[in-house]
1. Looking only at segment 69-84, filter to residues that are part of a loop (DSSP other than H, G, I, E, B) and over 11 Å from the mean Cα position of the chain (by Cα); which one of those is modelled with the lowest pLDDT?
2. What is the one condition in (1) open to solvent by less than 50 Å² (accessible area, probe 1.4 Å); (2) more than 21 Å from the chain's Cα centre (by Cα); (3) among the β-branched types (Val, Ile, Thr) that residue 244 does not satisfy?
3. Among the residues of segment 257-273, is there at least one that is open to solvent by less than 40 Å² (accessible area, probe 1.4 Å) and in a helix (DSSP H, G or I)?
4. In segment 196-241, what count of residues is obtained for those that are assigned to a helix (DSSP H, G or I), more than 24 Å from residue 171 (Cα to Cα), modelled with pLDDT under 90 and open to solvent by 40 Å² or more (accessible area, probe 1.4 Å)?
Amino acid sequence: MAKVLLDGTFSSHPVHNAFFHVVLIENRGLCYKKLKSPPPPLLSSGTCELAQLVDSNQYDQYECLEANDIVGCQCMRDPIPSQQLLQEKSLTSSGSDSAEPNVEVSGTGQSAPIPHVAYFCVYSYPLRKQLFSKCMRRKRISVTFSVDSNDNFGDNLKVAQTWCSAIRCMLHGGAQAVSAPSSNGDSECQNGVTEKIPCQVCPLQRKLLVLVNPHSGPGKALRIFQERIVPVLAEAEVSYDLIVTDKAKFAQEHVRSANLNRWTGIVIVSGDGLVYEVRLFAFVLMG
């Protein structure tokens, strides 16, 4: 059995005449399947059924972004905002697949957004086997769905935010989507307005300490961080403090005088030397 947290039907971006049945499954991820024909108006964009136990086999024919591979989800009015375009240029474009609603490709032009439509985009990095190689490498895939069941942007945005909140909670907190009364006092899902995810069940914002040795690489460590890692952190909505080391034991001196509780993790972009330095200092702190 599988627990479906959210269930909806959405059009894809940029092909708005393609519709997908989308389900968010606890401990599995976001699954979707292209519909052969457009759904009736009342079932389009956002109809939901929360916390339903169903036979997991019925989703075997669905494409699925596994929960372990998803890094984040964002809501937007413009499906490719300027910040995301900057990120796209910093990443290797992923190949397209007719079964996927939208796999973004770097540098492609997009039409102007429709005023009342909201979008939510899910970012995933599944492992894929490289061509002519046995090595596995993570490949970026992003899927974007359009929410247009209502005539105004605000109501459509609420639907998109519900999906983003549920995905974030599933990834970081293991929280389940729960229903909340609508404006008319009814807790049922009607006309594409989905229930909200309570703020208290969502995970706290994460922040990382990033240490970069600019001489590693050789001399490319900082550029590698900016071009390959920063876009992923942006998609995952993870903030960070960046420290560029300029001498031996510089990282130790900074960390020793800092409040380590400010960060939930440390990222090191360097060779073995800086890794050993920080690891040794961590052992000293732990006694």
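The values are calculated or read from the model by the stated rules, or taken from the named source; none is laboratory data. All values reported here derive from a predicted model rather than from experimental measurement. For accessibility, only protein heavy atoms count, side chains too; no ligands or nucleic acids. Shrake-Rupley method; radii C 1.70, N 1.55, O 1.52, S 1.80 Å.
1. The initial filter retains those residues of segment 69-84 that are part of a loop (DSSP other than H, G, I, E, B), namely 69, 77-81.
Pick out the ones that are also over 11 Å from the mean Cα position of the chain (by Cα) and you get 77-81.
Numbers: 77: 82, 78: 72, 79: 66, 80: 57, 81: 48.
Selected residue: 81.
2. Of (1) open to solvent by less than 50 Å² (accessible area, probe 1.4 Å); (2) more than 21 Å from the chain's Cα centre (by Cα); (3) among the β-branched types (Val, Ile, Thr), only one is false for residue 244: (1).
3. The answer is no, given that none of the residues of segment 257-273 is open to solvent by less than 40 Å² (accessible area, probe 1.4 Å) and in a helix (DSSP H, G or I).
4. Result for segment 196-241: 3.
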